[in-house]
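Reading through the structure tokens given below for one structure.
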Amino acid sequence: MFPEAATWGADDLRVGLRAEFERGVTEADVLEFARNSGDANPLHVDPAYAAASNYGRRIAHGAFQVGLASALIGMHLPGRRVLLGSVNARFPSPLFFPCRVVVRGEVTAWDRPRNAGQLRVAVVEAATRTPTAEVVLGFTLHEARGVAVEPEPAATVATSGGPVVLLTGASGGVGEALARALAARYTVLALSHRGALADDLLALSNVVPVRADLGGPSLEADVEAALAGRPLYGVVHAAWPGMPHGGLLQCPDDVLRQQLDFGGAHLIRLARLLFARVGDGGGRVVALGSIVGSAKPAFNLAAYSLGKNVLEGTVRLLAPEMARRQVTVNAVCPSFLAVGINARTDDRQRKVEAARVPLGRVCTSEDVSAMVEHLLSPGAAFVSGQILGLSGGQL
């Protein structure tokens with residue numbers, strides 16, 4: 001028996017509706033797709049051939065990922081009554097398997113009189129948060145109306161509790177640690193885009209989940225709805241779109257642009273959001289950088305290093321402007337962290353990283369949280385425009 005599909009009716013659809021699911025991608029999945037489709041290209045099915053290629057190992061078919069997008073539109077949004085009309089796909093990064101992926105879709109157009117719309121779907125490798133497919137699906141509904149499925153109401157901050165801090169990247173490793181630490185003193189708007197918040201975070205009364213895209217058109221409206229009229233005290237920008245390897249010359253344009261956006265355009269947008277909603281007592285912006293920004297640029301992580309370098313420059317340039325509203329702007333730049341992007345590193349690599357640090361250990365999420373908490377505190381009211389390294393004494 002197949003699972004039951006969701007049912008969104010024509011009058012229920014609107015721009016901005018979202019849905020997602022997560023699943024594993026196994027060798028058996030890819031080989032079965034190759035048999036069913038007839039596409040047995042050796043880059044997908046032959047380990048020896050793939051190992052000798054520039055990819056180094058097998059990758060999933062692009063069409064397999066289009067199938068994941070089809071599963072989202074056919075089973076989740078709009079679901080039962082959808083009829084697929086067109087597909088436009090691009091694949092910014094290879095999808096290596098076995099892995100887990102998050103498949104997330106958003107309605108980007110809906111024409112009720114024509115009963116036609118568009119769904120934008122992203123396939124993201126869950127561990128590294130690397131986008132591997134972007135698929136735009138045109139669709140119609142083959143029945144005029146179905147059973148409405150109401151979206152969950154947006155959560156809002158309570159009238160009591162500490163000052164409100166917006167935290168981006170709350171579903172990531174460092175972001176989760178920051179949310180837990182900050183919730184003891186602040187009301188945390190825990191913003192996530194593709195990933196889901198941990199259950200223990202959702203159970204905290206001072207954590208308010210906000211599902212939003214930093215580059216999407218509804219960011220300000222989503223945050224405004226969660227604030228429910230309360231002022232915003234701070235922004236902690238911990239979100240980052242993975243750590244692409246390689247130099248700049250080989251880096252795809254969209255991957256490079258994404259790194260630069262998270263360090264520049266998205267941080268500026270968050271600063272504007274705070275500038276418009278901060279109270280009379282001022283506020284704080286804290287951005288999470290990296291030691292491989294300006295301190296120790298890494299050639300093999302060139303796009304990532306460049307993005308973090310842009311973040312530092314953005315912090316310095318925002319500081320004098322934000323000072324007009326008594327808002328400080330700083331960056332915290334840790335060295336190697338064995339969480340988030342680096343969660344899958346082995347014990348040997350962690351020991352190598354620790355050996356490079358004069359203090360004899362790697363940086364931890366607790367170190368980052370403590371510095372962020374200090375920069376949010378009244379004691380850091382005169383610290384602004386600073387790039388604060390957590391290097392453990394590395395030169």
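Would any residue of the stretch 25-60 have its amide N under 18 Å from a label point 7 Å out along Cα→Cβ of PHE2? List them or say none.
Only 33, 36-37 pass the distance filter.
Note down, for the stretch 314-367, the three equivalent ellipsoid semi-axes (square root of 5 times each alpha carbon gyration tensor eigenvalue), biggest first, whole angstrom.
33, 12, 9
With θ set to phi - 60° and the Karplus curve 6.51 cos²θ - 1.76 cosθ + 1.60, what are the ³J(HN,Hα) couplings of the stretch 318-324 in order, to the nearest whole Hz, using x for Gly and Pro?
Along the stretch 318-324, the couplings run 6, 3, x, 6, 5, 4, 4 Hz.
Helix-only mean residue ellipticity at 222 nm, the chain, DSSP H runs n ≥ 4 weighted -39,500 (n - 2.57), per residue, nearest 500. What is it?
Helix-only estimate at 222 nm: -9000 deg cm²/dmol.
Pulled fully out, how much extra length does the chain show between SER37 and ALA370, if you take 0.36 nm times their separation in residues and subtract their Cα-Cα distance?
That pair, SER37 and ALA370, stretches by 114.6 nm at full extension.
Over the Cα atoms of the chain, what is the Rg over Rh ratio if Rh follows Kirkwood?
Using only Cα positions, Rg/Rh for the chain is 0.99.
Find how much the distance from ASP199 to ARG57 grows on full extension, using 0.36 nm per residue of separation minus their present alpha carbon separation; answer in nm with one decimal.
So the chain would gain 47.7 nm between ASP199 and ARG57.
Could you please report the charge total around GLN394, scoring K, R as +1 and D, E as -1 over all other residues with beta-carbon less than 9 angstrom from its beta-carbon?
Local net charge: +2.
If you take every residue apart from ILE73 with its C-beta less than 13 Å away from the C-beta of ILE73, what net charge results, scoring Lys and Arg +1 and Asp and Glu -1?
+3
What does the charge count near PRO131 come to, summing +1 for each Lys or Arg and -1 for each Asp or Glu among other residues with Cβ under 15 Å from its Cβ?
-2
What does the convex hull of the Cα atoms come to per residue for the stretch 18-141, in Å³?
99
Read-outs throughout are calculated quantities, based only on the coordinates presented, and are distinct from any laboratory measurement. Only a predicted model underlies this, so the values are computations on that prediction, with no experimental measurement involved. Positions of Cβ are backbone-derived with ideal geometry, glycine not excepted, and every protein chain shown enters the neighbour counts.
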